[in-house]
Every structure is written in structure tokens, then in C-alpha cells.
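Values in this text are rule-based calculations from the coordinates and carry no lab data. Since this is a predicted model, take the numbers as computed values, not measurements. Here the Cβ is made from the backbone with ideal geometry for all residues, glycine too, and neighbour counts use every protein chain on show.
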Amino acid sequence: MVPSIAGMDPRYFMHLMQDFKQGERYSTIMGRIAGGYGLLELREMARFFAGREWVPARVAAEADLVAAGATIHEEHCAECHEDAGRYQDKEIPRLAGQWPAYLLSQLLDYRTERVQMPQPDKMRNRLAKLSDADLAAVSAYYGQVDATKALAQDETANGDSH
């Protein structure tokens, strides 16, 4: 499963790739790929992907599952993953509009101690309280959030018109 990375915060991209490169983040292949690039090449990739337009996943999901996921988001995730998962920065990836199958696989890995994934203890503790069905629901929810809506509103409010 591959995530959507167009429009990714370049600082988060660099952090992620450094974790892969240094073996601090579990991967089947990304560690080997990241290890083949130098710092300048990774920075150039970060700029490249940051400059691409985010295209949200368009995956059908059952309304009840999405509604359950919205509740889980509000109760367990919204404190860090603000604006329905649209917010991103150097430490927090955008979840809104991401592929649900990818998110589910990552959440299952984050919750498992056997898989080396660098994330805050707060996240691991919250995930420990959620069932696999809960994780599937919140993944479906993020897949349905219109990730471009708030971004366009933010640009208009800031006077940007591109």
C-alpha cells in the first residue's frame, strides 16, 4: 500500500525519509530506497512533492462506517489531527483524503509494539484503546474527508489567490 504524498509538508517528508534511512521506521523497502539518497537529493524530493497538488483518494465507504469514524476522530484524534485530519506540519501528516487501506495498515502497525514506528506515546496509548473495527472506521472517515475544502478556505482568508 502506498500513501498519497503530493502536497506533503516538506519538513515531514524529510523527517520521514530520515527515519527510513536510519532504520528508525519499519519498512519492507523504503529503508533501502531512502538509504540510496543523500541529504540534498532528499531535500529536492521534499520540495518536488510539496509542490504537487494534493489529490484526495476517492474511495466509496458505507455511511455508518464513516459516521463511526468521525466520532472516533473527535474522541481520540482531533487534538493532534486538527481540522478533520486536514492539518499537517513537520510532525503531523495530513490524514484527510488519504487512502483508507494505507491508513488502516499504518494504524495497525503503530499500535503494535513489534513494529518499530516512531510516533508519540500519546498516539500509541490512544490506539491501544481502539479495536481493529474502530481503526477501520476512522480510516474510512479520513478517506471521505474533502481534504481540499479547508485548504482553499485558508488560502482565501490569507489573501492568497492561486
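Over the alpha carbons of the chain, what is the largest minus smallest coordinate on each principal axis, giving the biggest first in Å?
47, 45, 26
Let me have the 222 nm mean residue ellipticity of the chain computed from DSSP H runs of 4+ only, each contributing -39500 (n - 2.57), with the sum over all residues rounded to the nearest 500. Could you put the intermediate results ahead of the total?
Details: 9 runs with 88 residues, N = 162.
So the calculated ellipticity at 222 nm is -16000 deg cm²/dmol.
As I understand it, the dipole of region 10-157 uses +1 on the Cβ of Lys and Arg and -1 on the Cβ of Asp and Glu, about the Cα centre. Which of Tyr102, Gly23, Pro120 lies farthest toward its positive end?
Gly23
What length, rounded to one decimal in nm, is gained on full extension from Arg11 through to Tyr102, with 0.36 nm per residue of separation minus their alpha-carbon distance? It would help to have the intermediate numbers written out before the result.
Details: separation 91, 0.36 × 91 = 32.76 nm, distance 2.10 nm.
Computed gain between Arg11 and Tyr102 is 30.7 nm.
Treating only the Cβ of Lys, Arg, Asp and Glu as charged (+1, +1, -1, -1), what charge dipole size does the chain show about its Cα centre? Round to the nearest 20 debye. Kindly include the intermediate steps, with their values, before the conclusion.
On the way: 18 positive and 24 negative charges, 123 e Å.
Result for the chain is approximately 580 debye, rounded to the nearest 20.
Take Ser27, project a point 7 Å from its Cα along the Cβ direction, then tell me which residues of region 1-16 have their backbone nitrogen under 11 Å from it.
Label zone hits: 14-16.
How much length, in nm to one decimal, is gained on full extension between Val2 and Arg43, taken as 0.36 nm per residue of separation minus their Cα-Cα distance? List each step's numbers first, then the result.
Details: separation 41, 0.36 × 41 = 14.76 nm, distance 2.03 nm.
The Val2-Arg43 span can extend by a further 12.7 nm.
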